[in-house]
Structures are given as C-alpha cells and as structure tokens.
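Asks: The structure's right below; bear with me while I get my questions together.
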Amino acid sequence: NPYAGLVSHLRASWLSRKTWPREYRMAQLEALVHFLDEKKQEILEATAADMGKPPFEVELSELLLCKNELHETLNNLSQWMKDKQVDRPLATRLDSAFIRKEPYGVVLIMAPWNYPIYLILGPLIGAIAAGNCVIIKPSEIAKNTERLVAEALPHYLDKDCFAVVTGGVQETTRLLENKFDYIFYTGSSSVGRIVMTAAAKHLTPVTLELGGKNPCYVSDTCDVVNVARRVVWGRFFNAGQTCIAPDYLLCTLEMQEKLLPALQEAITEFYGPNPQESPDFGRIVGDKQFRRVRALLCSGRVAIGGQTDEAERYIAPTVLVEVQPSDPIMQEEIFGPILPIIIVANMDEAIDFINSHERPLAIYVFSSDDKVVNQVLERTSSGGFCGNDTLMHVTLTSLPFGGIGNSGLGMYHGKFSFDTFSHCRGCLKRGMGRETLNAPRYPPYSQKKFGIVQATSKVARKDDCTLL
C-alpha cells in the first residue's frame with residue numbers, strides 16, 4: 001500500500017508520545033493561526049479560482065470561523081485536558097476515580113470542496129487539541145485550494161506528526177485500506193457509507209458529517225421581508241453549495257404569494273438586477289456539478305431566475321414553484337442556488353412532510369409566534385435547529401454541530417471537537433492497604449457478605465434510605 005509507510009511513521013510518532021504534552025498541542029494550534037494570517041491572500045485567490053467565492057464569504061466562513069475555533073481551543077485547552085473526578089459509592093470512597101481524555105492515535109480527516117479551508121481546519125483543530133497525529137485529505141475537486149493546502153500547510157505543522165495526502169477516488173480508496181484510529185469524513189451520504197464500510201474492517205470509529213435536504217417552514221405569521229432576506233442569504237451563500245443551506249421552503253399558497261416578490265426584492269438588493277455581474281455571487285465548483293444542478297431546473301416552474309451559463313458555471317439565484325414531492329429536485333440534496341417551494345395547508349402538514357423524510361442536517365422555521373417555532377422544534381428531529389434565521393447556529397462554538405441518521409454521525413465544534421477526538425478513559429486508583437474492606441467480596445460467599453457489598457456499592461435513588 002502506497003500510504004502504509006506514512007501511516008507507520010505517524011504511528012511511531014504518536015507512540016513516542018510526542019503529541020501528548022499540552023505545550024506541544026498549543027504550539028501546533030498557534031502554527032495554524034500563523035497559517036491563516038500569512039496565507040490569507042492565497043486562500044482568497046484559491047477559493048476565488050475554484051468557485052468564484054466572494055472575499056467577504058471567505059473571510060466569514062473560512063477564516064473567521066477557523067479563528068474562532070482556534071481561539072476557543074487555545075483559551076480552554078488546559079481546562080479540557082484535566083482529569084474529571086467522578087462520584088464514588090461507599091466501597092470506593094477512599095479511592096481516586098476519574099475520566100482521562102486521551103488521544104485516539106493516528107486520525108484521518110477527509111474534507112470536502114465546498115468550504116475547503118474551514119472543513120479541513122475545523123476538525124484538525126480538535127484532533128490536534130486532543131493530541132492525535134493526523135493525515136489530512138483535502139478534496140481534489142477544489143483544485144487550487146487543494147494545492148495550497150498540500151504545499152503550504154506542511155511548512156507550519158510538525159511533519160513527523162501531520163501530513164497532507166492528495167488524489168482522487170483511486171488514491172482515497174488505497175488510503176482507506178490502512179488502519180486508522182479514528183476517521184472524520186465530511187461529504188455525501190453515498191461516500192460516507194463507503195468510508196464507514198472501510199472503517200468497519202479495522203473497527204475504526206468514525207464521525208460522518210453528511211448532508212441532506214434541510215426543510216424551512218415559513219408560517220403565515222411572520223415578517224415576510226425579514227424572512228426573505230434571511231432565506232436568500234442562507235440559500236445563495238456560496239452559490240448554494242452549503243450542507244446546511246435551506247434546501248426547500250414549506251408554506252401555504254397564501255404565504256408563497258407574499259414571499260415571491262419579497263424574495264425577488266432581496267435577490268435584487270443583494271446581487272443587483274443581473275447577479276451574473278455581481279462580485280458577491282459565486283459559481284458552481286465544476287462542470288460535472290454544474291450539469292447536475294442545471295438538470296434540476298426542470299422541476300416545477302421557474303418563478304425567479306433560472307438563467308445559466310455553462311462557460312462560467314453560473315446558475316442564477318432561482319426560485320421554483322409548483323414543485324411536487326416526486327420531482328427530481330426533491331429526490332436529492334440540491335447543493336446549488338435553487339430554492340423550490342412546496343405548498344402545505346398548515347404547520348401540522350409541514351411537520352408531517354418533514355417527518356416523512358430522512359432526518360436532515362438542519363431544520364429552519366420562521367414565525368412571529370414562538371409557539372409555532374417550539375412546535376416544529378419539539379415535533380421533529382434533525383442534526384441542528386435554527387428558529388427565525390438560517391445558517392447562524394453553525395457560527396457558535398458553544399453548540400455541537402453534526403447530523404443524525406442519514407445526515408451524519410457524531411459532532412464537533414469547540415469543546416465538542418476536542419471530545420470527538422479524545423478517548424474517555426475510565427480510571428480507578430486504589431491503595432494497597434485496607435484489605436479488610438475488600439473481604440466481603442471474596443469467597444466463600446454468604447448472604448451476609450452480599451448484603452454488605454450491596455449496601456456499600458449500590459447507587460441509591462434520591463430520598464432512598466439504607467438500613468445496615
């Protein structure tokens with residue numbers, strides 16, 4: 001296997017415990033801060049070349065979010081690494097019982113192309129903080145960013161403990177043949193199943209950050225203008241190539257009639273009368289992806305937008321109406337700047353529609369009535385939830401981010417990243433003396449001995465009392 005030597009080299013580094021000291025982890029995290037600062041212009045240029053990503057969107061979704069994760073981790077790592085003392089029953093009251101957070105070992109991080117810096121560094125920060133060695137596999141689809149990461153990042157990190165591997169499907173397949181101690185994958189559900197199958201051969205734990213069709217319910221009681229602005233921003237940010245973007249709207253026919261002019265107004269306000277000329281609207285990442293998204297325009301009827309330019313890989317911000325649940329656009333994650341609207345009679349029908357499909361990565365709901373927002377929250381299930389806005393929940397390092405069911409497995413961000421890449425080792429340390437206290441558990445057994453063991457070892461219910 002072409003990667004066996006690299007994996008072995010990193011495993012040897014990990015076994016030497018080089019990555020374990022807090023000072024080492026902090027130094028590597030500081031190096032990532034320098035990478036972001038010193039390579040900022042190159043990152044802006046690479047992401048613009050790959051998908052026409054506006055500098056503002058790169059600054060926000062790639063650089064700022066990475067910096068927030070780094071600062072959160074650097075501020076708290078000492079506390080996160082401390083052993084956590086746990087409660088003990090009477091039998092072990094004189095002993096030390098604690099949870100120790102230890103690194104898994106050699107970790108593989110496989111990143112996607114849509115946020116090619118943040119979705120590499122986000123999990124990498126957690127893996128480094130937890131003390132692991134890491135192999136990073138950027139997406140080959142975002143070619144310019146892949147090249148930048150492969151060439152520049154190794155100059156900032158310890159080459160004995162961190163490496164970048166490039167390539168396509170063939171190389172990734174060979175890479176997955178190796179035994180890793182943890183695999184973190186972000187991408188599609190179909191590839192997620194392949195990754196999980198490969199991991200199962202080595203009993204390797206995984207985190208799968210996948211996608212799905214994120215519903216957005218708009219109730220009849222809301223500020224239509226504000227809803228339109230927030231939905232347009234969330235749907236068309238990064239030209240719709242966002243795993244947590246609202247994938248489709250659910251609303252009544254009456255609300256659709258109010259929303260359409262408001263959506264058109266917001267699109268014009270954000271991107272001008274011709275979004276193709278706007279410096280703030282991105283492009284589809286590749287020709288294959290462009291053709292897939294363009295084919296989805298045949299669903300329903302175009303109410304807003306619909307223009308395409310294959311030479312530029314441009315698809316206008318588009319809203320579709322008269323869409324049926326059986327239409328092609330409702331059978332897969334759109335991952336492009338198209339927003340279909342599905343008509344429902346009321347909130348209950350919207351909730352039933354959501355619950356009849358795979359659990360999504362995010363659910364959005366807009367309503368001036370907090371009871372409606374809470375009803376959707378309480379009666380549905382999803383990786384994350386955001387009321388009266390889109391995307392913003394992902395910006396909080398204090399919230400876990402991850403999917404459920406078809407939209408993923410596991411979570412990260414902030415301390416949750418550190419916990420994901422840490423093995424919780426349960427530890428009990430006892431003294432060599434006081435052997436008479438252990439005598440009741442030894443043979444020959446008796447009911448009297450069991451009564452003593454039970455009384456000193458059991459976890460009692462609150463307000464329970466024990467008679468010795």
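The values are calculated or read from the model by the stated rules, or taken from the named source; none is laboratory data. Keep in mind that this is a model prediction, so the values were computed, not measured. We place every Cβ from the backbone using ideal geometry, glycine too, and count neighbours over all the protein chains shown. For accessibility, only protein heavy atoms count, side chains too; no ligands or nucleic acids. Shrake-Rupley method; radii C 1.70, N 1.55, O 1.52, S 1.80 Å.
Asks: Could you name every one of the strands (runs of 3 or more DSSP E) located completely within segment 298-351 that has at least 1 residues being modelled with pLDDT of 95 or more, touching a Phe, Trp or Tyr at 6+ places or on another chain (Cβ under 7 Å) and more than 21 Å from residue 276 (Cβ to Cβ)?
Replies: Answer list for segment 298-351: 338-343.
Asks: Of everything in segment 274-297, what is more than 15 Å from residue 338 (Cα to Cα) and in a helix (DSSP H, G or I)? Give them in sequence order.
Replies: Listed by number, the residues that qualify are 277, 287, 288.
Asks: So residue 308 fits all but one of (1) more than 16 Å from residue 340 (Cβ to Cβ); (2) among the hydroxyl-bearing types (Ser, Thr, Tyr); (3) within 28 Å of the chain's Cα centre (by Cα); what number is the exception?
Replies: Answer for residue 308: the failing condition is (3).
Asks: Name the pairs whose Cβ atoms lie under 7 Å apart, with the first residue in segment 412-433 and in contact (Cβ under 8 Å) with a residue 24 or more places away in the chain and at positive phi, the second aliphatic (A, V, I, L, M) and part of a loop (DSSP other than H, G, I, E, B), and 6 or more positions between them or separate chains?
Replies: From residues that are in contact (Cβ under 8 Å) with a residue 24 or more places away in the chain and at positive phi, the pairs are 413/399.
Asks: Criterion first (assigned by the TED database to the domain that holds residue 415, touching a residue at least 40 places away in the same chain (Cβ under 8 Å) and either more than 30 Å from residue 311 (Cβ to Cβ) or in contact with a strand residue (DSSP E or B) (Cβ under 8 Å, 6 or more places away or on another chain) (or both)) does residue 64 satisfy it?
Replies: When the stated conditions are applied, residue 64 does not pass them.
Asks: What number of residues in segment 220-241 are open to solvent by less than 60 Å² (accessible area, probe 1.4 Å), under 27 Å from residue 49 (Cα atoms) and not in a loop (DSSP other than H, G, I, E, B)?
Replies: Selection size over segment 220-241: 9.
Asks: If you don't mind, there's one more thing I want to ask. Hey, among 239, 262, which residue is at pLDDT 95 or above and over 28 Å from the mean Cα position of the chain (by Cα)?
Replies: 262
Asks: Kindly indicate which of 365, 372 is more than 30 Å from residue 106 (Cα to Cα), in a helix (DSSP H, G or I) and touching a residue at least 60 places away in the same chain (Cβ under 8 Å).
Replies: Among 365, 372, only 372 is more than 30 Å from residue 106 (Cα to Cα), in a helix (DSSP H, G or I) and touching a residue at least 60 places away in the same chain (Cβ under 8 Å).
Asks: I need the helices (runs of 4 or more DSSP H) fully contained in segment 1-108, keeping only those with at least 2 residues that are within 25 Å of the chain's Cα centre (by Cα) and among the hydrophobic types (A, V, I, L, M, F, W, C).
Replies: 22-38, 40-51, 55-58, 65-81
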